[in-house]
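Here the structure comes first, spelled out in structure tokens, and everything after it is commentary.
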Amino acid sequence: MRRFSSVVPLAALVLTGAAFSWMPSAGQGRSRPSALEAFNLRKAVGTQVALPKGLLEVSGLAVTAEGRVIAHGDERAIISILDGPGGTVQRWFSLGRPPMRGDFEGIATVGPRIFLMTSQGILHEGREGAAEVAMPFTSKDTGFGAQCELEGLAYDARAQVLLLPCKTPLVPAGRGRVTVFRWSVSRAVPADPPQLSVPLDGVTAHTGTKAFHPSAIDVDPVTGNYLLVAGPERAVLELTSRGEVVGGVSLPRKLHKQPEGIAFVGDSLLLIGDEGGTGRGTLTTYRRAR
């Protein structure tokens, strides 16, 4: 098959300050259940393994409907199937032959569908393949890349939307805020509302950092809350699905050099993938305490 991809661009979204600021009041989530507290991320209680050399720059983690952990790097559309927390690659497949190239920053699954996202907000959709098989795919431009450099991808099954965090705002309305864009899977258009957004100072008050640049996101299957990882700050933020700040925490430096991926495995395990820098990439497993 010669042609693997067809890019379907959408007109760039023009977000006014008001539209960009769809937000419930921050801080109301304090009395709600907390995934951060359940996994005790404040202490170095995770179990860590080194990832293979091919995942030195691991950029995203996700879990398939069958419970298989998948991961990807940041330059080629090669998707690795891991043996869960063990970190060993059982097999890999690609999107395209040769594997498509790009700045890949997030991965998510919706049933048998796999979405791989670029920092410009282009979603590449394919299916899981057999060992070393090149799979066909389609591509769609969400338009969100005109507003932000994006990093991280997750699927909220309850709302049936993909979540695309804004790492670096490109428009004035997004500055001084932490924003997560929402994409309707069924309609393949921005969801309604198209984003949730909270003031940055309300976030940093919880994380204890001066800034917060998201690099990964996932949805806790127990609480339905969102966990956003900020790689540069080594911090995690917890939000409700309506954008209420539940809490935040700084990750232990001895375990996390540069966290770039997060994924829940069932109800009991939480995985965080770190890029290796000058060493090996790592996969850290946290177990739900309660």
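Read-outs: derived from the displayed coordinates by stated rules, not from any lab. Just so we're clear, the structure is a prediction, and the values are computed from it rather than from any experiment. All Cβ positions, even for glycine, are placed from backbone atoms using ideal geometry, and neighbour counts span all protein chains on display.
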Starting from the exponent 0.38 and prefactor 2.2 Å, build the expected Rg for the stretch 44-161 from its residue count and divide its actual Cα Rg by it. 1.03
Counting Lys +1, Arg +1, Asp -1, Glu -1, what net charge surrounds ARG253 among other residues with beta carbon under 13 Å of its beta carbon? +3
Using a Cα-Cα cut-off of under 24 Å, which lysines could be cross-linked to LYS43, ignoring same-chain neighbours fewer than 8 residues away? LYS210, LYS254, LYS257
Length-normalised contact order for the chain - Cα pairs under 8 Å, 6+ apart - percent: 23 percent
Quickly rank 269-276, 105-112 as a protection proxy: mean count of other C-beta atoms within 10 Å, highest first. 269-276, 105-112
Return the sequence-ordered ³J(HN,Hα) values of the stretch 114-121 in whole Hz as given by the Karplus equation 6.51 cos²θ - 1.76 cosθ + 1.60 applied to θ = phi - 60°, using x for Gly and Pro. 10, 10, 10, 10, 9, 5, 8, x
Compute the FRET efficiency between VAL89 and ASP267 as 1/(1 + (r/R0)^6), taking r as their Cβ-Cβ distance and R0 = 30 Å, and round to the nearest 0.05. 0.75
Karplus (6.51, -1.76, 1.60) ³J(HN,Hα), θ = phi - 60°, over the stretch 202-210, in Hz, Gly and Pro reported as x: x, 7, 5, 5, 8, 8, x, 10, 8
May I ask for the Rg/Rh ratio of the stretch 167-278, computed from Cα atoms with Rh as the Kirkwood radius, given to two decimals? 0.97
Based on the Cβ-Cβ distance of LYS43 and ALA157, what FRET efficiency does E = 1/(1 + (r/R0)^6) give at R0 = 30 Å, to the nearest 0.05? 0.50
Any number yet on Rg/Rh for the stretch 33-276, C-alpha, Kirkwood? 0.93
Quick check: residue separation of LEU170 and THR138 times 0.36 nm, minus the Cα distance between them. What number comes out in nm? 8.9 nm
The chain, helix-only ellipticity at 222 nm - DSSP H runs n ≥ 4, -39,500 (n - 2.57), divided by all residues, nearest 500: -1500 deg cm²/dmol
Cα-centred dipole magnitude for the chain, charges only on beta-carbon of K, R (+1) and D, E (-1), debye, nearest 20: 220 debye
